[in-house]
């Protein structure tokens, strides 16, 4: 018996609704994911201010607070009392919490901003959506592929709730101009994309030994759903990115920022295969460098193409060709009529001599009102955000599949409907994770 299925990008497929589909998606998402929210989002007029709760107040949290401080910050939460005290000085009327689950019980909240470690992104975001709250969450959206699918499913089920992932550069003018050039065919049909960063969030081994937990840190709450782990100062506040229990290395840190551009410009969805190369796999520690090749299927008029990711100092060989400009991190689009080199704030059409007389197309993508303002306005008006959890969940899934392929040690064939790699049963242990007792997703 056939029915209409929905792909991760929202498009339809006449593929039969099989038991595998339901086991791979519906039952993989917890029951609370499919429940209606226990409260509805409050209707606001344009001049009214949102009541926002902030989960994570320092580092990225501080930057995100600055982005939404035009609204009412009515609740703040941090497992580190030093950071919490600093936030209390700024917002003395806000209620303070150490546990985000307690914050989410505060009844006057309209929305939350999640800026915690990657392994604690999904739980507060999912719970908030189930409670009828708008959500802004830092990148990557989640720590696992399954969590990303869960948040995307929740966002799709509750379109009245505004969601936004913290890919701030998406709102910049440069990305818009690059998208317009690619879509206008400035360099012809795209055959391949190369994306690279110099960062290296890797290591040789996990921190050794157990230290006394400082009195300012609630270590059990910091761990959240992650496995029980002895405290070591090598984890908090930033080094956790190096370890699989809490982060996903350089790809997890920067992939959503840089791969966002080709995802947007080329309307990418899920890859068909993923191949990763790096140093020998460590079961606990991310690699110092990684190269991942994603193969994307043909869609409509766009043929199949590849996207290759490089980090830890690796760079595409094309950058060594004569005439290539000096460039930091970025993307290189390779078409049959030329190349386009781009970073956050600049782009070049190559070879430059061939494009000396080129006239760019008239801008068609409106300027952003600002990354945070997009989300704030969406909370009040219902207008969609450009980095909503449906788009960002798909992007995050693809990014994290690179780490799954690396940890499996083989090319993955990817079934996005079933949320599985049919050729690699080992992938299952990296696609999702067990939550520690007392912690839930949604």
Here, residue 289 and residue 101, labelled 7 Å along Cα→Cβ, have an inter-label distance in nm of 4.4
If neighbour count is taken as other Cβ atoms inside 10 Å, put 308, 385 in order from fewest to most. 308, 385
Length gained if residue 189 through residue 81 is fully extended, taking 0.36 nm per residue and subtracting the Cα-Cα distance, is 33.6 nm
Full extension from residue 93 to residue 411: what is 0.36 nm times the residue separation minus their Cα-Cα distance, to one decimal in nm? 109.2 nm
Gaussian network model of the chain, Cα within-10 Å springs - most flexible of 410, 321, 88: 321
Going by alpha carbons, how many degrees (0 to 90, nearest 10) lie between the helix axis of 371-381 and the longest principal axis of the chain? 60
With r as the distance between the Cβ atoms of residue 199 and residue 369 and R0 = 30 Å, compute the FRET efficiency 1/(1 + (r/R0)^6) and round to 0.05. 0.50
So how do 293, 326 line up by other beta-carbon neighbours within 10 Å, fewest first? 326, 293
In deg cm²/dmol, rounded to the nearest 500, the helical mean residue ellipticity at 222 nm of the chain, built from -39500 (n - 2.57) for every DSSP H run of length 4 or more, is -7500 deg cm²/dmol
Exposure-ranked with fewest Cβ neighbours within 10 Å first, 193, 213, 334 stand as 213, 334, 193
Say we join alpha carbon atoms closer than 10 Å with springs in a Gaussian network model of the chain; which of 196, 240, 327 then has the biggest fluctuation? 327
Please identify, among 235, 243, 136, the residue showing maximal mean-square fluctuation in a Gaussian network model of the chain using a 10 angstrom Cα cutoff. 235
Return the whole-Å distance between the Cα centroid of the range 285-329 and the Cα centroid of the range 104-148. 31
Which FRET efficiency value, to the nearest 0.05, do you get for residue 66 and residue 218 by plugging their Cβ-Cβ distance into 1/(1 + (r/R0)^6) with R0 = 30 Å? 0.75
What is the angle, in °, between the Cα long axis of helix 145-157 and the longest principal axis of the Cα atoms in the chain? Nearest 10 is fine, range 0 to 90. 80
Could you tell me what percent of the DSSP beta bridges with both partners in the chain are antiparallel, to the nearest 5? 60
Estimated FRET transfer efficiency (residue 362, residue 169; beta-carbon r; R0 30 Å; 0.05): 0.85
Tell me the angle of helix 389-408 to the major Cα principal axis of the chain, expressed in degrees between 0 and 90 and rounded to the nearest ten. 80
Under the Kirkwood approximation for Rh and a Cα-based Rg, what ratio Rg/Rh is obtained for the range 306-442? 1.05
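Readers should treat all values here as calculations from the given coordinates under stated rules, not as data from a laboratory. It should be emphasised that the depicted structure is a prediction, and the values quoted were computed from it without experimental measurement. Virtual Cβ from ideal backbone geometry, glycine too; neighbours counted across all protein chains shown.
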